[in-house]
Amino acid sequence: MRRPRTTALQEAGRRMGPEVVIDIADERAPDGFDSIDSVIPPHELARISASYARLGGSDPETVDTRPPGRPAEPASAAAPTPVPPGPAPDAAADVG
């Protein structure tokens, strides 16, 4: 039997996970691109990564507050909030 965090991460990976970056890039630049930053701004990539890290318990807040030698507590079984495809959101909205 898998640990709850591993199961949640695996299920989220199937639904979204890192594949969301590929899906967004394909939708926004179906003919290709030279730089991922021209398709998905760095702040949006960071938000996707942070969401996935939180689910896996490897985000800085979880790692910094976990007692030494203790595994992470199970994350919610819900997947990270998907980043909807389409135009990049306003960068100022992500600050804070």
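Quick rundown of the values:
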{"quantity": "Counted residues, the range 34-56 - those being surrounded by fewer than 17 Cβ atoms within 10 Å (Cβ to Cβ) and among the hydroxyl-bearing types (S, T, Y)", "calculated": "3"}
{"quantity": "Flag for A12 being surrounded by 10 or more Cβ atoms within 10 Å (Cβ to Cβ), at pLDDT below 90 and part of a helix (DSSP H, G or I)", "calculated": "yes"}
{"quantity": "Residue that is surrounded by fewer than 13 Cβ atoms within 10 Å (Cβ to Cβ), out of contact with any Asp or Glu (no Cβ under 7 Å at 6 or more places or on another chain) and either among the polar types (S, T, N, Q) or without any contact (Cβ under 8 Å) to a residue 12 or more places away in the chain (or both), where the choices are D31, D59", "calculated": "D31"}
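The values are calculated or read from the model by the stated rules, or taken from the named source; none is laboratory data. This structure is a prediction, so every number in the text was calculated from the model and none was measured. Please note: Cβ atoms are built from the backbone with ideal geometry, for glycine as well, and neighbour counts cover all protein chains shown.
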